[in-house]
1. Please work out whether the range 96-177 counts as rounded, prolate or oblate from its C-alpha gyration tensor, where a ≥ b ≥ c are the square roots of the eigenvalues and a/c under 1.5 means rounded, while otherwise a/b larger than b/c means prolate and anything else oblate?
2. Using the Karplus curve 6.51 cos²θ - 1.76 cosθ + 1.60 with θ = phi - 60°, what ³J(HN,Hα) values do you get for each residue of the range 68-76, in whole Hz, with x for Gly and Pro?
3. So what's the back-of-envelope 222 nm ellipticity for the chain, counting only DSSP H runs of four-plus at -39500 (n - 2.57) apiece and dividing by all residues, rounded to 500?
4. If eta is 0.692 mPa s and T is 37 °C, what Stokes-Einstein diffusion coefficient results for the chain, Kirkwood Rh from Cα pairs, in µm²/s?
5. Taking all pairs of distinct Cα atoms, average 1/r, flip it, and tell me the Kirkwood hydrodynamic radius of the range 55-117 in Å to one decimal place.
6. Simple spin-label model, 7 Å along Cα-to-Cβ: residue 135 to residue 17 in nm?
7. Taking the alpha-carbon set of the range 4-99, what are its Rg and Dmax in Å?
8. Apply the Karplus parameterisation 6.51 cos²θ - 1.76 cosθ + 1.60, with θ equal to phi minus 60°, to every residue of the range 110-122 and state each ³J(HN,Hα) to the nearest whole Hz, in sequence, with x for glycine and proline.
Amino acid sequence: MARPSDTRQRIQAAARELFARQGVHKTSLQEIADRLGITKPALYYHFASREELVRSIIQPLMDGGEKFILEQEARGDVNPRALLEGYFDFHYRHRHELMIVLTEMTTMAELGLIELVFTWRSRLSALLVGPAPTLARAASAVVALGGLQDCAIQFPDAPEPELREAAVDAACAALGI
């Protein structure tokens, strides 16, 4: 018999796949249960609602992003390339969750993730270009950070080391470093 945590992880994996393919609102909890061969009440035992299930999938992204930024902010001196490499690595690790975020902007806005991402970018931009940059420098930071995030999901078949190097090099070029 599967342990509750195993079943919970199986539910999340099936939901992640269906959400990314069909969207959150077009995927019913019954469809997720059917895919796993469990009853809908069994799914509700693990997740009280679709929002709770979505949040459980996205929460590691939210927690990890905040942890990454806090670590960067705690450093006395920022190495821009190391920050950009870490930012790419974080997004590469969470690229499947990011696909859900991109396909479900309304749901993510309801969960507060969109505002959180803008806050993260602001905080990271301040580390990269200072707290009061010119518009040109601020735009460079947005291009660098957004480009790294996009590259992490845009090229699913590219070898990770090559993609990381190309993406980070491009982000550094956008920042003029």
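Derivation of every value follows stated rules applied to the coordinates shown; laboratory data play no part. The structure displayed is predicted, hence computed values, not measured ones. Using ideal geometry, Cβ is built from the backbone for each residue, glycine included, and neighbour counts are taken over all protein chains shown.
1. Numbers: a/c = 2.86, a/b = 1.09, b/c = 2.62.
Oblate is the answer for the range 96-177, as a/c is 1.5 or above yet b/c matches or exceeds a/b.
2. Per residue, the Karplus-derived 3J(HN,Hα) values read 4, 5, 4, 5, 5, 5, 6, 5, x Hz.
3. Values: 10 runs with 141 residues, N = 177.
Result for the chain: -25500 deg cm²/dmol, rounded to the nearest 500.
4. Values: Rh = 17.6 Å.
Value of D from the Cα-based Kirkwood radius: 186 µm²/s.
5. Numbers: mean 1/r = 0.0799 Å⁻¹.
Kirkwood radius, the range 55-117: 12.5 Å.
6. 4.8
7. Here Rg and the maximum Cα pair distance are 16.7, 53 Å.
8. For the range 110-122, the Karplus-derived couplings read 4, 7, x, 6, 5, 4, 4, 4, 5, 5, 4, 4, 4 Hz, x marking Gly and Pro.
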